[in-house]
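Below: one structure, written as structure tokens.
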Amino acid sequence: MRNQVKSKGTWWHRFAIRFFTVIFAVLVFWVLGFLVQDIQSLPGPNYGSIEKNYLNKDLLARRDALNKQITALSRQIDNETEKQRIVGDSSRNLQQTINQLLELQKLGIEKHMAFSDTEQANFTSSLNLFLDNQKKYQELSQSVSEMLEKKQTLVEEKDQAEQEIDKQRQPARDEYNALSRAHQLKLALLQLAILLPILLVAAVVIIRKRSSIYFPLYVAFGAATLVKVALVVHEYFPSRYFKYVLIGALLLVVARLLVYFIRTIAFPKTQWLVRQYREAYERFLCPVCEYPIRTGPRRFLFWTRRTVNKMVVPGDRADQEEIYTCPACGTGLFEECSSCHKIRHAMLPNCTHCGIEKEVV
Ligand SMILES: [Zn+2]
Ligand SMILES: [Zn+2]
């Protein structure tokens, strides 16, 4: 069962497998993204409600009242200034009229013509109007400057209130920041609590099913999960720590790859297989499926890779060798030697009795 020739498939098949592996990875990444997003949308602390606990309500009301007063006063000042402008315009017009009348009078005197009564009356009324206007203008100036002064006082009061509010706001901000940080940490831990077990499962599957034909599927799954975990860690933990996590993970991966390649060169495939088989036989485990080889005195025992060395094997019974096939996977583990016809390891190169060598496949 080990000498099946692995079919590589056509170019098109290999391309399709790679293509769908990538698609699969992207889809897994998406699904994980949705999970993470749902966690991220959990509501955090609300600054508004925290601030309410710290700010004095009367102070806020005073600030608002001051704001209203200032706005009203500003509007009033604008109105008065507008009025002042209109009065100023009319004063300028009157002044021009008076100047013209004076000019006319001057001409009349030069030509010895008397100013008529109506002209005189016009002149007097213009002059009176002008003086009235001037008085009004002065009054408006006075009231505007008074209002400006009042506004300044109000603005100062408001600034003071704002400063006090700001002071009260500081502890609110501190509390909000602390709550925020705690919330972020909770989100990160929740996300990792979901992602890390998935990553662990992926890693275990990748390591266990190294030689499975579905290996690309597992790798795609693992890679997508790893990228998501890295992104989450990067988002929530300061890059100061993340740097070490990342470099640690990279070191592990690169070291693992190095070991793998060094081993492939140092032990060509058969030699590598023989090593694996040897280690399995040493632990009395099937080299293919790790089911215990329950033969001889170990017939009624059970053990695993870890417990094999802690077992007490009943040694008083005669150890009769026999042909043995793994009951779990059907691989022949002990067989008759073709040369000396005694029982030998089926998956190791040499017979323990006659030493004849056979090819391990
Ligand atoms: Zn087996
Ligand atoms: Zn032999």
Out of the residues in region 280-301 that are over 24 Å from Glu357 (Cα atoms) and at pLDDT 90 or above, state the one that is most open to solvent (accessible area, probe 1.4 Å).
Tyr291
Where in region 201-318 are the helices (runs of 4 or more DSSP H), entirely inside, with at least 2 residues that are free of Cβ contacts under 8 Å to residues at least 12 places away in the same chain and among the aromatic types (Phe, Trp, Tyr)?
239-266
Taking first residues from region 334-357 that are among the charged types (D, E, K, R) and second residues anywhere that are near ligand 2 (Cβ under 6 Å from one of its atoms) and part of a loop (DSSP other than H, G, I, E, B), the pairs with Cβ under 6 Å that are 6 or more apart or on different chains are Lys342/His353; Arg344/Cys337; Arg344/Cys351
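For every residue, the table says whether it meets (1) open to solvent by less than 90 Å² (accessible area, probe 1.4 Å); (2) at pLDDT 85 or above; (3) under 50 Å from the mean Cα position of the chain (by Cα).
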| site | (1), (2), (3) |
| --- | --- |
| Arg278 | no, yes, yes |
| Trp303 | yes, yes, yes |
| His353 | yes, yes, no |
| Glu357 | no, yes, no |
I'm trying to understand the selection: among the residues of region 321-351, which are away from ligand 1 (no atom under 11 Å from the Cβ), open to solvent by less than 80 Å² (accessible area, probe 1.4 Å) and of a type in the set (S, T, N, Q)?
Ser339, Asn350
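The values are calculated or read from the model by the stated rules, or taken from the named source; none is laboratory data. Just so it is clear, the model here is predicted, and its values are computed rather than measured. Backbone-built Cβ (ideal geometry, glycine too); neighbour counts: all protein chains shown. Remember, those area values only see protein heavy atoms, side chains included, never the ligands or the DNA or RNA. Shrake-Rupley method; radii C 1.70, N 1.55, O 1.52, S 1.80 Å.
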